[in-house]
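Below are the structure tokens for one structure; questions will follow.
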Amino acid sequence: MLISIVAPCYNEEDVIGSFHDQVQKVAEELLPLGHDMEFVYVDDGSRDRTLDVLQHLSGLDPRVRYLSFSRNFGKEAALIAGLRHAKGDSVIVMDADLQHPPELIGRMVELHHEGYDQVIARRTRTGDRLTRTLTARLYYRIVNRLVDVELVDGVGDFRLLSRRVVDAVLELTEYNRFSKGLFAWVGFPSTTLDYENAAREAGHSSWSFRSLLNYGIDGLLSFNNRPLRAALHLGMALLVCALAYTAWIVGAALINGVQTPGYVTIITAVTGVAGVQMIMLGVIGEYTGRIYYEVKRRPHFLVKATNVDRSRDLVSTDVVSMDPVSKDLVP
Ligand code: UDP
Ligand code: MG
């Protein structure tokens, strides 16, 4: 049984070495149980020396395979690249910053052997700021009303996937990837496993408030057209209110005669309706934007250096660009 570890790395020069040490220790523990391990590291266009460290690691350890992107394509792209090149019978996806404790791998593999296709690690929110915890809770409550798949708080990309789940995920070739939802969409027998939230070992989290907000919007819009439906409902509710109010005003005018005041009403109505229209337009725009990206059929990533056999990719739309660093391309 071969287990692949897939880890996206973006500016992780300080931590990737100790990450590799730790997973390698786990690999040693699993070896007597009949599990081989390989490591697929995807350098997502880091600006630091991550690629050098990966090349160094691959020189020391033949089980290390790496891909390095021509620029930062985002974690989702790194994940798909890693999954595509993982050869394992099962694949463990985890962050390279040691926030996903490698000690859990043993237990995940056990659970996989008990028959689960997806073993999902769920982090507890201990140590998180209260505001973040509350926003997350509220967000998941709203999102789960709006999307078909069940999204769970604390569940991220730390999970073990069986080969058939990996193949299923790779069949989903959409450009806008929200893997948390994609994994949930795929289904198959799944189980969760809790772990304590750990602080980052080194480096910085690349999440800003804005990227979190955008990630949240992606989660809402990636799966179905329910937000469009919600916009429609909101519009209808507004129309009903407006008609009722109009009837009331006309009634009042008929009974009491025409009265001119109404400045506040007009301003409120105009700004309110304009705001709602903007939101609706935004929702429609988001969907159109997604269609726009999908029809372009651009590759998810471009590789500038790697030691993996890229023939798997030749059928796909992803492009290898050769440069001096790619000389170590293994046929
Ligand atoms: N990552 C990546 N590309 C990016 C941003 C992040 O490959 O553009 C990787 C990063 O190296 C790490 C993982 O994705 O292994 C999670 O990133 P981060 O720690 O910044 O996110 P957080 O843990 O705060 O959710
Ligand atoms: Mg992290």
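The values are calculated or read from the model by the stated rules, or taken from the named source; none is laboratory data. Here the structure is a predicted model, which is why all the values come from computation and not from measurement. Virtual Cβ from ideal backbone geometry, glycine too; neighbours counted across all protein chains shown.
If the requirement is being in a helix (DSSP H, G or I) and over 30 Å from ASN225 (Cα atoms), which of these qualifies: THR288, THR246, THR268, THR260?
From the options THR288, THR246, THR268, THR260, the qualifying one is THR246.
Quick check on region 38-77: of everything there that is of a type outside the set (D, E, K, R), over 12 Å from GLY17 (Cβ atoms) and within 16 Å of ligand 2 (Cβ to nearest atom), which residue is surrounded by the most Cβ atoms within 10 Å (Cβ to Cβ)?
Only one residue fits best here, namely VAL42.
Right, something else. Consider ILE92 against the criteria (1) within 16 Å of ligand 1 (Cβ to nearest atom); (2) outside any strand (DSSP E or B); (3) closer than 20 Å to PRO102 by Cβ: it satisfies all of them except one. Which criterion is unmet?
(2)
If you take the residues in region 93-129 that are within 16 Å of ligand 2 (Cβ to nearest atom) and under 22 Å from LEU170 (Cβ atoms), which one is surrounded by the most Cβ atoms within 10 Å (Cβ to Cβ)?
If we take residues in region 93-129 being within 16 Å of ligand 2 (Cβ to nearest atom) and under 22 Å from LEU170 (Cβ atoms), then ALA96 is surrounded by the most Cβ atoms within 10 Å (Cβ to Cβ).
Among SER211, SER222, which is in contact with a Gly (Cβ under 6 Å, 6 or more places away or on another chain) and surrounded by 11 or more Cβ atoms within 10 Å (Cβ to Cβ)? Show your work before the answer.
Working: SER211 fails: in contact with a Gly (Cβ under 6 Å, 6 or more places away or on another chain).
Answer to the check: SER222.
Would region 304-320 turn up any residue that is out of contact with any Cys (no Cβ under 9 Å at 6 or more places or on another chain), modelled with pLDDT of 85 or more, of a type outside the set (S, T, N, Q) and closer than 30 Å to LYS180 by Cα?
Yes, some residue in region 304-320 is out of contact with any Cys (no Cβ under 9 Å at 6 or more places or on another chain), modelled with pLDDT of 85 or more, of a type outside the set (S, T, N, Q) and closer than 30 Å to LYS180 by Cα.
If I filter region 224-232 for residues that are among the small types (Gly, Ala, Ser) and under 30 Å from LYS180 (Cα atoms), do I get at least one hit?
Yes, region 224-232 contains a residue that is among the small types (Gly, Ala, Ser) and under 30 Å from LYS180 (Cα atoms).
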